[in-house]
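Read the structure below first, then the notes.
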Amino acid sequence: MPKTKTDYDDPAVDRDLYSGLMRLHILHHAAEGPIFGLGMLEELARHGYRISPGTLYPLLHRLEKKRYITAKLQRDGKSRRTVYRATPLGRKALAAAKIKVREFIAELFEGE
Ligand SMILES: [Zn+2]
């Protein structure tokens, strides 16, 4: 059976190219406050990264595996959802990444 494309996987978005940016974006929000999958999908879409849950969850799991974020199941009335937060190690990684990103952005827009 051929692999079906999901509606929200934008072909213009090269997931491989942007996966680091998306991970940093997730880490940034997880450091600001608790995040959950659907909210993060909407936030990334707002920034032009229209990805499917099938793309988001591996990114979250990789951050969790690196101990940059923790996942906790939260009961919200009848529904349950997993909430993610940045760990102290994640905050440290984000602070280091911010320095690199700032430098990179300066170079990227140099002379513009
Ligand atoms: Zn954002």
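The values are calculated or read from the model by the stated rules, or taken from the named source; none is laboratory data. Keep in mind that this is a model prediction, so the values were computed, not measured. Cβ: placed from backbone, ideal geometry, glycine included. Neighbour counts: every protein chain shown.
Quick notes on this one:
- Applying a threshold of 6 Å to beta carbon distances and a minimum spacing of six or more residues, or different chains, the list of pairs starting in segment 7-20 at a residue that is closer than 13 Å to Ser52 by Cα and at pLDDT below 55 and ending at one that is of a type in the set (Gly, Ala, Ser) and surrounded by 10 or more Cβ atoms within 10 Å (Cβ to Cβ) reads Tyr8/Ser52.
- Hits in segment 10-64 - residues which are in a helix (DSSP H, G or I), within 15 Å of the ligand (Cβ to nearest atom) and among the basic types (Lys, Arg): Arg23, Arg46
- Every listed requirement among (1) part of a helix (DSSP H, G or I); (2) at pLDDT 95 or above; (3) surrounded by 12 or more Cβ atoms within 10 Å (Cβ to Cβ) is met by Tyr84 save one, (1).
- Among the candidates Arg67, Arg80, Arg62, residue that is charged (D, E, K, R) and on the phi > 0 side of the Ramachandran plot: Arg67
- When Thr82, Thr55 are screened for being more than 20 Å from Leu17 (Cβ to Cβ) and free of Cβ contacts under 8 Å to residues at least 60 places away in the same chain, only Thr82 passes.
- Scanning segment 22-39 for residues that are at pLDDT 95 or above and of a type in the set (A, V, I, L, M) turns up Leu24, Ile26, Leu27, Ala30, Ala31, Ile35.
- Filtered by the rule that a residue be over 19 Å from Pro53 (Cβ atoms) and either modelled with pLDDT under 95 or part of a helix (DSSP H, G or I) (or both), segment 65-81 gives Arg75, Gly77, Lys78.
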